[in-house]
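A short write-up of the structure that comes next.
The values are calculated or read from the model by the stated rules, or taken from the named source; none is laboratory data. Only a predicted model underlies this, so the values are computations on that prediction, with no experimental measurement involved. Methodologically, a virtual Cβ is constructed for each residue, glycine included, from the backbone with ideal geometry; neighbour enumeration extends over all protein chains shown.
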Ligand code: HEM
């Protein structure tokens, strides 16, 4: 998992709970990296799961909500860092469809060791999109956060429902925009 | 303070750990980046090596190619060449297969023979001499070409390389030779062709020479290579004197240097050209020559120099010059005549204008009958003199070509109607009818010169009027099918039932100062220049007038002019009976009318009341602003020329009020020049309702700006039982008053009480020479004539305004004409008013 996921995760926690909590959860988790992350580095995904688990125990929050929040946060970061990906598209579905074929592909060029999910999309019309997330890292809630944030960014409202299939590491998101 | 508090202590520790993590993270990042840049460096290196390897490979492949080609070529060559050895004293020792084939002998027949046996006897001596020399001088290698004779008796040329070979003690010559017969033959053929060429060139040169054309050839540096006899004669130099000289330095008259430079440039690009320059002969005399210069080429196809063919044109040039001088002189004389005429006319016009003006004033003063008659004669004579001078000026302008043709969009229909109106008034006195007959659609503006068209029509209709004492005059137009989509062709014909023109006179009617019946000038007045001018004006427009005539029956003058199409429709005011169509929604609107002229106020009141539009009246600009601010109007009708704050300013101020940003403000004005219209737009006015206007004009505007609903025709009005006099424009009056005779009577009486005062004031101003003030009054009274059915006088007012704007001295004359016209129609208006009042009483 790329370091940016960790640095951004910690920065979100620090903003929400202060650097005391960051210090605590790092100390209480068993992290091979010792919690020193750089965005260009690569770390084991289990470190993220550990951090989430410890945090939820410490602050008694729900891990799903936490990942969802993180999705929203991460979206803001990407928007800041790579505005061109967003400007290319006018409709949120165009953007979401471009993740698999364009955005994540560009990510892989930069970081050949990045571990990216796969997205299969199926657009019924401009108001309904199905998006099948497949990843061994099981971060569907993160994806949901990112998707929700995408809709907000393109000033659209709607619902994001999902059906998960843990046996196949996949979750299907059904995104419906309000007319 | 020492931080001993435990929470502070903890904070410091958290920070410390945070800093430590940051440090580690940075270390990692740096390691990562270093690794990355190392990878990059490696990748670069590999790329470079790969590149070098590629280049190397290409290089080796290239050399391989060259080598194999060389090998191949040697093979072919050896196979084709003749190879043999000869002893030092000239006997064959070895020959190869190719040699045997060429000579046509067996090996045994050649070996042991002396080489001279095989050579063309004519060349033996030369070849032998060459090789003896070669041997005795101990030279290593040589080359020589000569013909041999084969067994079949054929001549074959060979080119032979001989090399001296020393093998131990033994010395011999080894020869490689090649059959070059073909080459030699084609060379010979070339020489032949060249010879032919030279001969034909010579032929042509002598032909040219015989035609009195002098030929000279110069090289690329301008040095004379050759000069032929005729050229020598022309220049006065001998051939020897010319060859080797710089042609320009020796021959060219210096002022033509630039012409020559240009020619050099052309020639170096291989372009041939003809030009005229002056040359200086040996005896110093200068001659004009026409030169046709063309580059010539050497054997390798490069430009080697120029051959110039010279033709003496001195005589022609002199003739030309004389002619030019003569023409200039004539033109100058003509110009002087025109200028003189223009000046004279101007000089005469100024005093003449005062004569006419003063006569007019004199006429108004108390006179006895005899004096009155005298004054009348003065008036008549001075008017005639005046139009004569105007015509002369026109002719001289036309002849000097100083008439500028304009191109503007204009309303042809309006011009025609104005002319009809103008002449109707005049012709009525003689009881002649002037009709206008339009065949085809004239519903759009056309592009052309309205002034010229007007002048042409005025002249022709005026002419018809002059020679017609009874019957009628008809102005007829016809739209002809046009060849192009952006042109409209109009044929105009002016028919009259006048005295006509006899067959003998017909060809001369367009001559200057010619009037059909020679004595008719006296009878009919005029200058005799009218038709000349008309013809010339039409020529300017690319047209021509044609005439048909029968004595005592009448004449027809016709011409065709094409105008540009504009696609701009003339705002419709077709007369579709008397019903008014006003959108229902318009009637609920509220209007503000700003107008200072009492007569116009009444007119507008009548028109607006008729369709039930509520309106408020502002007497001037300041009042309009105030009222607009206090109330809320849906439309504003704005007179432009008002005392104090005028319509422009009032509009601009009203527009400053936010709720009036989009309210239509319509200018009411008699100014319709295009410059004025752009001024209207600038001031924020939406449209112009030109004065004088008919009810239909007003309603069209109101419908356009206020009406959105459906069309709801007013009930039809029955025709008025009151019949206006034939001498007034009846249709106009019916349109304006629409059966409301009470109202018409009101307007007529206002007209009769106002206009004389206004004209009296005009007379005062004339005495004080106050043009601007006069113009203002004329402008103010202009629409009122239309309202009493005298549109022709309105047209005269427009003309007068135009003259004032052009600072034309004829302005005062026009003003007097207006006064006269009013005076002569006054009694008609009075009797008309009386009739109306009687009619009203009857109704009551
Ligand atoms: C400009 C926009 C985006 C950029 C630059 C970007 C880039 C990245 C990067 C660098 C990672 C980490 C890969 C690794 O750790 O090895 C990642 C992971 C991920 N991205 Fe994106 N991403 C973008 C938009 C999105 C959006 C809109 C979605 C939501 C549908 C999305 C879904 C995910 C998920 C779920 C992961 C986690 C890895 C996994 O589940 O397998 N990304 N992305």
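I'd like the full set of residues that are closer than 22 Å to residue A:107 by Cβ and either crowded, with 20+ Cβ neighbours inside 10 Å or away from chain B (no Cβ under 14 Å) (or both), limited to the stretch A:11-21. Lay out the reasoning, then the answer.
If we filter the stretch A:11-21 for residues that are closer than 22 Å to residue A:107 by Cβ, which is where we start, we get A:11-12.
Within the stretch A:11-21, A:12 is the sole residue that qualifies.
Given (1) more than 14 Å from chain B (Cβ to nearest Cβ); (2) more than 13 Å from the chain's Cα centre (by Cα); (3) surrounded by fewer than 14 Cβ atoms within 10 Å (Cβ to Cβ), identify the lone condition not met by residue A:65.
(2)
Of (1) exposed (fewer than 12 other Cβ atoms within 10 Å of the Cβ); (2) assigned to a helix (DSSP H, G or I), residue B:221 satisfies all except one. Which?
All conditions pass for residue B:221, except number (2).
Residues B:558, B:543: which one is touching a strand residue (DSSP E or B) at 6+ places or on another chain (Cβ under 9 Å), part of a loop (DSSP other than H, G, I, E, B) and at pLDDT 60 or above?
Numbers: B:558 fails: part of a loop (DSSP other than H, G, I, E, B).
Result: B:543 is the single residue among B:558, B:543 that is touching a strand residue (DSSP E or B) at 6+ places or on another chain (Cβ under 9 Å), part of a loop (DSSP other than H, G, I, E, B) and at pLDDT 60 or above.
Considering the stretch A:141-164 alone, what residues qualify as being within 15 Å of the ligand (Cβ to nearest atom) and either within 14 Å of another protein chain (Cβ to nearest Cβ) or assigned to a strand (DSSP E or B) (or both)?
Of the residues in the stretch A:141-164, the ones within 15 Å of the ligand (Cβ to nearest atom) are A:141-154, A:156, A:158, A:160-162, A:164.
Of everything in the stretch A:141-164, those that are within 15 Å of the ligand (Cβ to nearest atom) and either within 14 Å of another protein chain (Cβ to nearest Cβ) or assigned to a strand (DSSP E or B) (or both) turn out to be A:158, A:160, A:161, A:162, A:164.
Output the number of residues of the stretch A:82-116 satisfying the condition of being near the ligand (Cβ under 10 Å from one of its atoms), in a loop (DSSP other than H, G, I, E, B) and surrounded by 16 or more Cβ atoms within 10 Å (Cβ to Cβ).
1
So that you can scan it fast, the table gives a plain yes or no per residue for (1) in contact with a strand residue (DSSP E or B) (Cβ under 7 Å, 6 or more places away or on another chain); (2) more than 14 Å from every other protein chain (Cβ to nearest Cβ); (3) at pLDDT below 80; (4) on the phi > 0 side of the Ramachandran plot:
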| residue | (1), (2), (3), (4) |
| --- | --- |
| B:21 | no, no, no, no |
| B:33 | no, no, yes, no |
| B:43 | no, no, yes, no |
| B:49 | no, yes, yes, no |
| B:73 | no, yes, yes, no |
| B:76 | no, yes, yes, no |
| B:88 | yes, yes, no, no |
| B:91 | yes, yes, no, no |
| B:110 | yes, yes, no, no |
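So, of the residues in the stretch A:25-38 that are touching a helix residue (DSSP H, G or I) at 6+ places or on another chain (Cβ under 6 Å) and crowded, with 16+ Cβ neighbours inside 10 Å, which turns out to be nearest to residue B:8 (Cα to Cα)? Step through it out loud before you land on a result.
Within the stretch A:25-38, the first condition is being touching a helix residue (DSSP H, G or I) at 6+ places or on another chain (Cβ under 6 Å), and the residues that meet it are A:25, A:28-29, A:31, A:35-38.
Remaining after also requiring crowded, with 16+ Cβ neighbours inside 10 Å: A:25, A:29, A:31, A:35-38.
Working: A:25: 19, A:29: 24, A:31: 26, A:35: 23, A:36: 23, A:37: 26, A:38: 28 Å.
For the stretch A:25-38, the residue satisfying everything is A:25.
So is residue B:17 facing another protein chain (nearest Cβ under 10 Å) and either in a helix (DSSP H, G or I) or exposed (fewer than 10 other Cβ atoms within 10 Å of the Cβ) (or both) or not?
On the way: facing another protein chain (nearest Cβ under 10 Å): yes; either in a helix (DSSP H, G or I) or exposed (fewer than 10 other Cβ atoms within 10 Å of the Cβ) (or both): yes.
Yes.
How many residues are surrounded by 15 or more Cβ atoms within 10 Å (Cβ to Cβ) and under 24 Å from residue B:101 (Cα atoms) when one looks only at the stretch B:143-169?
Step one: filter the stretch B:143-169 for residues surrounded by 15 or more Cβ atoms within 10 Å (Cβ to Cβ), giving B:144-149, B:156-160, B:162, B:164.
Checking the rest, the ones that are also under 24 Å from residue B:101 (Cα atoms) come to B:144-149, B:156-160, B:162.
The number of residues fulfilling the criteria is 12.
Quick one: count up the residues across the stretch A:22-51 that are more than 10 Å from every other protein chain (Cβ to nearest Cβ), touching a residue at least 12 places away in the same chain (Cβ under 8 Å) and not in a loop (DSSP other than H, G, I, E, B).
So the count comes out to 7.
Would you point out the residue of the stretch A:117-140, among those that are in a loop (DSSP other than H, G, I, E, B) and more than 6 Å from the ligand (Cβ to nearest atom), that is farthest from residue A:172 (Cα to Cα)?
First, pick out the residues of the stretch A:117-140 that are in a loop (DSSP other than H, G, I, E, B): A:117, A:126-127, A:135-139.
Next, only the ones that are more than 6 Å from the ligand (Cβ to nearest atom) stay: A:126-127, A:136, A:138.
On the way: A:126: 18, A:127: 16, A:136: 15, A:138: 12 Å.
Checking each candidate, the answer is A:126.
What is the residue count in the stretch B:290-312 for residues that are more than 16 Å from residue B:219 (Cα to Cα) and over 38 Å from the mean Cα position of the chain (by Cα)?
3
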